[in-house]
1. With the crude spin-label approximation of a point 7 Å out along Cα→Cβ, what separation in nm comes out for N61 versus A89?
2. Taking θ = phi - 60°, what integer Hz values does the Karplus form 6.51 cos²θ - 1.76 cosθ + 1.60 yield along the range 2-9, in sequence order, with x for Gly and Pro?
3. Could you derive backbone 3J(HN,Hα) for the range 69-82 from the dihedral phi with the Karplus parameters 6.51, -1.76 and 1.60 (θ = phi - 60°), listing whole Hz in sequence and x where the residue is Gly or Pro?
4. Find the accessible area per residue for the range 33-103; the probe is 1.4 Å, ligands and nucleic acids are left out, and the unit is Å².
5. Could you tell me which chymotrypsin sites (Phe, Trp or Tyr not before Pro) in the range 35-112 are loop residues by DSSP with no more than 13 other beta carbons within 10 angstrom of their beta carbon?
6. Tell me which label goes with the value of Kirkwood radius over Cα pairs in Å computed from the coordinates here: [x] 15.1; [y] 16.8; [z] 14.6.
7. Scan the range 4-99 for trypsin sites (Lys or Arg not before Pro) in coil per DSSP, keeping those whose Cβ has at most 14 other Cβ atoms within 10 Å, and list them by number.
8. Can you pull the percent of the chain's accessible area that's carbon plus sulfur, 1.4 Å probe, other chains left in place?
Amino acid sequence: MEAKAVAKYVRMSPSKLKPIVDLVRGKDLDEALNILKFTPGKGSEIVEKVVESAAANAENNFDLNRDDLYVAEIYANQGPTMKRWRAGAQGRASMILKRSSHVGVTLREKED
């Protein structure tokens with residue numbers, strides 16, 4: 001059995017989220033949450049919320065034991081990019097790209 005959670009349209013670029021996601025891939029649930037709790041930055045808070053949501057889904061929807069869960073799959077993919085303009089030198093306009101991400105987590109039970 002597996003439980004999933006996805007956060008879409010997170011207003012942070014995937015290049016900032018991917019190093020945090022790589023820290024917890026394959027770890028036990030409690031260990032992953034501890035890593036995310038003590039990792040500085042806004043990205044770790046976002047990923048922590050998604051992992052907590054997947055854990056709640058596992059417990060409430062699938063009756064899985066929280067102690068046996070581990071992070072099987074986790075990703076931070078590119079979402080849509082908002083394009084904005086800013087005044088540049090000599091009457092030009094320069095582009096500002098406001099990137100977004102989709103963060104997804106899959107938790108599975110360890111098989112003994």
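1. Each label point is offset 7 Å from its Cα along the Cβ direction, giving 5.3 nm.
2. 9, 10, 10, 8, 9, 10, 9, 6
3. 8, 9, 7, 7, 9, 8, 8, 9, 9, 5, x, x, 10, 7
4. Spelled out: the 1.4 Å probe surface of the range 33-103, per residue, equals 63 Å².
5. Numbers: sites: F38, F62, Y70, Y75, W85; in loops: F38.
Within the range 35-112, the qualifying chymotrypsin sites (Phe, Trp or Tyr not before Pro) (loop, at most 13 other Cβ atoms within 10 Å) are F38.
6. Answer label, from the structure shown: [x].
7. Numbers: sites: K4, K8, R11, K16, R25, K27, K37, K42, K49, R66, K83, R84, R86, R92, K98, R99; in loops: R11, R25, K27, R92, R99.
Hits after loop and neighbour filter: R11, R25, R92.
8. Details: 3300 of 7030 Å².
Reported share for carbon and sulfur atoms: 47 percent.
The values are calculated or read from the model by the stated rules, or taken from the named source; none is laboratory data. Keep in mind it's a predicted model, so treat the numbers as computed, not measured. Note that each Cβ is placed from the backbone with ideal geometry, even for glycine, and that neighbours are counted across all protein chains shown. Accessible surface is based on the protein model in full, side chains and every heavy atom, while ligands, DNA and RNA are left aside. Shrake-Rupley method; radii C 1.70, N 1.55, O 1.52, S 1.80 Å.
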